[in-house]
Amino acid sequence: MITFSNLIYRLPGGVAQGLIWGIMALGIYITFRVLNVSDLTVDGSFTTGGAVTIMCILAGVNPILALLISFIVGILTGIATGLIHTKLKIPAILAGILVQFGLYSINLHIMNMSANVSANPDRFNLLISMRNVPNAILIGIIISIVHIIVLYWYFGTEQGSAIRATGNNSNMALAQGINIGNMKVIGFGIGNGIVALAGGLMGQYQGFADINMGRGAIVIGLAAIIIGEVVINFIFKKGCSFYTRLTSVIIGGIIYYAAMVIILWLRIDSNDLKLFTAIIVTIFLAIPNLKVKKGGK
Amino acid sequence: MLKIDNISKTFNPGTINQKVALSNLSLQLEEGDFVTVIGSNGAGKSTMLNAISGSWFVDEGKIFVDDIDVTLMSEYQRARYIGRVFQDPLMGTAADMWIEENLALASRRGKSRGLRVGISRKEREIYYEKLKALNLGLEERLTTKVGLLSGGQRQALTLLMATIQKPKLLLLDEHTAALDPSTAKKVLDLTDQLVNENNLTTLMITHNMQDAIDHGNRLIMMNDGIIILDVRGEEKASLTKEYLIKKFNELSNGTLDNDALLLSK
Ligand SMILES: Nc1ncnc2c1ncn2[C@@H]1O[C@H](COP(=O)(O)OP(=O)(O)OP(=O)(O)O)[C@@H](O)[C@H]1O
Ligand SMILES: [Mg+2]
C-alpha cells in the first residue's frame, strides 16, 4: 500500500543497503576516477566477495575475518584484470569483461555449484543483518569511515600519488620513472578488493549470497559516484578536499538506494528500475561532455 | 655521458608505410655538453630523442647513458637517468594534481615509491625556494592545480621537474614551440639558467635556427635519419643562419628550400 508510514518503515533498510553500495562505489571510484579506466570486473568480484564471505561464515569463520578474506580474494580478481590489461595489452574494458565472465564459474565453485547459499542469522554470527537495521547502519558508517581514512592516507603516500599521476597523465608518470603498468595493477587490485568486501557485507546483510548479486554493480557504483559529485558541485562551488570527495561517494550510494526505495514504494514495476538507472547514469555521465561542447571546444 | 652507437629504427617495416626514421646513427656527448639539434620536418630528431628515452626499442645499435647500457631498458627505468620536456605543455605535468604534488613526483624520479608520505614539510620549503627562483610567482601557489597554469608556466614547471633531481641527460623536444615568442624566450632563458647551474648534459631540438646558434656549445643538423653536420666550440659560436642554410642545401643535395628548415621564422 502507498502510505507514508510504509515508506518511513522501509527507508532505514534502504539507507543500510545504500551504505553498502556506497562502500562498493569507493572501490569503483579508484578505477573510474583515480585511474581513469572503466573496470567491469566488479560485477563478478562483488559476487565473489559475497560468496567467499558466506562460505567462510558457514565454515565457522569470524564474520570480520570473512570480510578480510573476501577483500584479499577481491584483490586477486583485480590483479587478474590488471595483468590481462597491462601484460597482454588487452583494453581495460575487455579485460574486465573477460575476468567477470570467468568469475561466474569460479563463484559457482566457491558456492559448491549452487546458485544461492544462505547463512541464517539465527544460527550464524553475522556482523550486520537486515534483522537489525539500526545496527547495520551503525556498522556501515563505521566501515565507511575506516575506508575513507585509509584511502585518504594511501593516496597521499608516494605510491598513491604515483597511481594518481598514472591515471591523470600516464605520459608524465612514465617520464617521472613511474612503472605505470604496476600502478594500474595495484589500482585494479585495491578497487576490486573493496568491491568484494562490500559484496561480503551485502551477503551478510541479506543473509545469503547469490550468483547474480553483482549484476549491474558497475552501474550502481557509477550512479553513486555521479550523484555524489552532483551533491558536491552543488555545495562546494570552489572544489573540495579528497576527504569530501570520498564521503560524497558514500552519500551518493545512500541517495541512490533511497531513491530506489521511493520508486518501489510508488509501485513502479521493479523490473523497470534498471532502465531508469541506466538512463539517469547516462544523462549524468553525458552532462560534462555536453558542457564542453557548448563552451566551443 | 651519452653514447649512441649505430642505431637504426624503421617504422612499420614490411608495409606500404615503411619509414626508415634513423639509419646507423651515432653520437657521443661529453659531460656538460649542451647540444642543439636542427633539421627539417621528418628528419628524425624526435625519433632520436624517443630512442634515447625508450618509447620503443631500436632495431639495431646500442645506447649508453654514463656507460650504462640502456638499450633494453624500459622507458620508466631509463627515466631514472633522463629528464624530459615535451613540445606539448600538457604532456609533462599532471593537470589535476597540485604544483607541489607534481614536484614531489618529479623529486622521486627513478626511486622506489613506497608508503612514505608523498610530500614532507621540508620538501615544501625546497619547492618554495626553487619556484621563487623561476620568478613566475608560482611559489605562492603550491596547492594550485597545474591545469590552471598557462602554457608557459607549465613548461617552466616541467623544466624544473625535469631537473629538480639532477638527471644525467636532459632531453628537450621543441619545448618552446607551442609558446608565444616572449614566453618562449623566458623559458629558453630559464633553460640556460638550469642547464648552467647544474652543468647538465643536454640535447635540445629546435626549429628556430637563431636559438640553435645562440644556445649550447655544440650544434648538430639532421636529415633523413642521419646527422649531416656537427659543429662545436669556436666554430659553433661563429655560425650564422645563412651559413647553416647554405650548408643544409649542400649536404641534403638541396632537396628542401630554406623555409622548410626555418619553419618558425
Ligand atoms: N611512432 C611512429 N610511427 C610511424 N612513423 C613514425 C613514428 N614516429 C615518427 N615516424 C616517422 O619517422 C620520421 C621521422 O619523424 P620525427 O618525428 O623523428 O621527425 P622530426 O625530425 O622530429 O620532425 P619535426 O620537426 O616535424 O618534429 C617521419 O617520417 C615520421 O612520420
Ligand atoms: Mg619532432
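The values are calculated or read from the model by the stated rules, or taken from the named source; none is laboratory data. Worth saying up front: this structure is predicted, and the values here are computed from it rather than measured. Quick reminder, even Gly has a Cβ in these numbers, built from the backbone with ideal geometry, and neighbours come from all protein chains shown. Side chains included, ligands, DNA and RNA excluded: accessible areas come from the protein's heavy atoms. Shrake-Rupley method; radii C 1.70, N 1.55, O 1.52, S 1.80 Å.
If you plug the beta carbon distance of A:Asp122 and A:Ser241 into 1/(1 + (r/R0)^6) with R0 = 45 Å, you get a FRET efficiency near 0.55. Among A:Ser248, A:Ser70, A:Ser270, the largest mean-square fluctuation in a Gaussian network model of chain A, built with springs joining Cα atoms closer than 10 Å, belongs to A:Ser270.
Apolar share of the accessible surface for chain A: 68 percent from carbon plus sulfur atoms, 1.4 Å probe. Taking a Cβ cut-off of under 11 Å around B:Ala21, the surrounding Lys, Arg, Asp and Glu residues balance to a net charge of +1, with basic ones at +1 and acidic ones at -1.
Under a Cβ-only charge scheme (Lys and Arg +1, Asp and Glu -1), can you give me the dipole magnitude of chain A about the Cα centre, in debye to the nearest 20? Intermediate results must be reported in sequence, preceding the final value.
Numbers: 18 positive and 8 negative charges, 176 e Å.
For this selection, approximately 840 debye.
Over all other residues within a Cβ to Cβ distance under 12 Å of A:Gly181, the charged ones net out to +2, with Lys and Arg as +1 and Asp and Glu as -1.
In chain A, which whole DSSP H runs stretch at least 20 Å along their own axis (Cα) and average -0.5 or higher on the Kyte-Doolittle scale? Please report the intermediate quantities before stating the final value.
Values: long enough: A:4-29 (35 Å, 1.01); A:42-58 (24 Å, 1.33); A:63-86 (34 Å, 1.99); A:92-110 (25 Å, 1.62); A:133-154 (31 Å, 2.05); A:180-206 (39 Å, 0.81); A:217-235 (27 Å, 2.54); A:242-265 (35 Å, 1.62); A:273-294 (31 Å, 1.30).
Span-like helices, by this rule, are A:4-29, A:42-58, A:63-86, A:92-110, A:133-154, A:180-206, A:217-235, A:242-265, A:273-294.
When chain A is treated as a Gaussian network with alpha carbon springs shorter than 10 Å, the biggest mean-square fluctuation among A:Gly140, A:Gly216, A:Gly193 belongs to A:Gly216.
Once A binds B, the 1.4 Å probe can no longer reach about 2100 Å² of accessible area, counting both sides. Rounded to whole Å, the principal axis extents of the Cα atoms in chain A read 57, 42, 32, largest first. So what is the diffusion coefficient of region A:139-225 in µm² per second by Stokes-Einstein at 37 °C and 0.692 mPa s, using a Kirkwood Rh over Cα pairs? Once the numbers are plugged in, D ends up at 221 µm²/s.
When the surface is traced with a 1.4 Å probe over the full set of protein chains, B:Glu140 keeps roughly 130 Å² accessible.
Using only the Cα atoms of region A:159-297, what semi-axes does the equivalent ellipsoid have when each is the square root of 5 times a gyration tensor eigenvalue? Give whole Å, largest first. Intermediate results must be reported in sequence, preceding the final value.
On the way: eigenvalues 180, 104, 41 Å².
Listed largest to smallest, the semi-axes of region A:159-297 are 30, 23, 14 Å.
The ellipsoid equivalent to the alpha-carbon distribution of region B:1-132 has semi-axes of 33, 17, 15 angstrom, derived from the gyration tensor eigenvalues as √(5λ) and listed largest first.
Spatial offset of region A:241-286 relative to region B:143-198 amounts to 45 Å, using the alpha carbon center of each. What residue among B:Thr191, B:Thr143, B:Thr206 has the largest mean-square fluctuation in a Gaussian network model of chain B, using Cα springs under 10 Å? Answer for the Gaussian network model of chain B: B:Thr143. The calculated FRET efficiency for the pair A:Phe276 and B:Val20, based on their C-beta separation and a Förster distance of 51 Å, comes to about 0.30. Here the relative contact order of chain B, from alpha carbon pairs under 8 Å that lie six or more residues apart, stands at 26 percent. In order along region A:171-176, the phi-based Karplus estimate (6.51 cos²θ - 1.76 cosθ + 1.60, θ = phi - 60°) of 3J(HN,Hα) comes to 5, 5, 4, 4, 5, 8 Hz; Gly and Pro are listed as x. Cα extents for the protein assembly as shown along the principal axes, largest to smallest and rounded to whole angstrom: 92, 48, 44. The DSSP beta bridges internal to the protein assembly as shown are antiparallel in roughly 60% of cases. Peptide B:103-114 has a mean shielding of 5, counted as Cβ atoms of other protein chains within 10 Å of each residue's Cβ. Relative intensity of region B:42-90 on a log10 scale, I(q)/I(0) at q = 0.16, 0.23, 0.24, 0.29 Å⁻¹, equals -0.45, -0.88, -0.95, -1.23, per a Debye sum over C-alpha point scatterers of equal strength in the absence of solvent. This model, with +1 at the C-beta of Lys and Arg and -1 at the C-beta of Asp and Glu, gives the protein assembly as shown a dipole about its Cα centre of some 1560 debye.
Based on the mean of other Cβ atoms within 10 Å per residue, sort peptides B:40-47, A:5-12 so the most packed one is first.
On the way: B:40-47: 20.4, A:5-12: 13.0.
Ranked from most to least packed, the peptides come out as B:40-47, A:5-12.
Placing unit charges on the Cβ atoms of the charged side chains and taking the dipole of chain B about its Cα centre, the candidate lying farthest along the positive direction among B:Gly137, B:Leu169, B:Val37 is B:Gly137. Accessible-area rank, largest first, for A:Ile106, B:Ile4: A:Ile106, B:Ile4, with all protein chains present and a 1.4 angstrom probe. Ellipsoid fit via the Cα gyration tensor, chain B: semi-axes of 32, 22, 17 Å, each the root of five times an eigenvalue, largest first. The order of B:Arg232, B:Arg108, B:Arg121 by accessible area, most exposed first and with a 1.4 Å probe, is B:Arg121, B:Arg232, B:Arg108. Excluding same-chain neighbours fewer than eight residues apart, the lysines reachable from A:Lys89 by a Cα-Cα span under 30 Å are A:Lys184, B:Lys9, B:Lys19, B:Lys45, B:Lys62, B:Lys111. Think of the protein assembly as shown as a dipole: +1 on every Lys or Arg Cβ, -1 on every Asp or Glu Cβ, centred on the Cα centre; then among A:Ala136, B:Ala106, A:Ile218, A:Ala136 lies furthest on the positive end.
What stretch of chain B, leaving out the sites themselves, is the longest with no chymotrypsin sites (Phe, Trp or Tyr not before Pro) in a DSSP loop having at most 16 other Cβ atoms within 10 Å?
Details: sites that count: B:Trp56, B:Phe57.
Formally, the longest exposed-site-free interval is B:58-265.
Legend: Rg and Dmax of region A:49-155, from Cα coordinates, 16.4, 49 Å. In percent, rounded to a whole number, the relative contact order of region A:7-214 is 45, using alpha-carbon pairs under 8 Å and six or more apart.
What does the net charge come to around A:Ile232 if you take all other residues with beta carbon closer than 14 Å to its beta carbon, with K and R at +1 and D and E at -1? Write out the running numbers ahead of the final one.
On the way: positive: A:Arg33, A:Lys237, A:Lys238, A:Arg245; negative: A:Glu229.
So the surrounding residues net to +3.
Solvent-accessible surface (1.4 Å probe) assigned to A:Trp21 amounts to roughly 20 Å².
Taking region B:129-265, how much of its Cα-Cα pair set, in percent, is spaced more than 19 angstrom apart? Walk me through the intermediate numbers first.
Values: 5187 of 9316 pairs.
Every Cα pair in region B:129-265 considered, those over 19 Å come to 56 percent.
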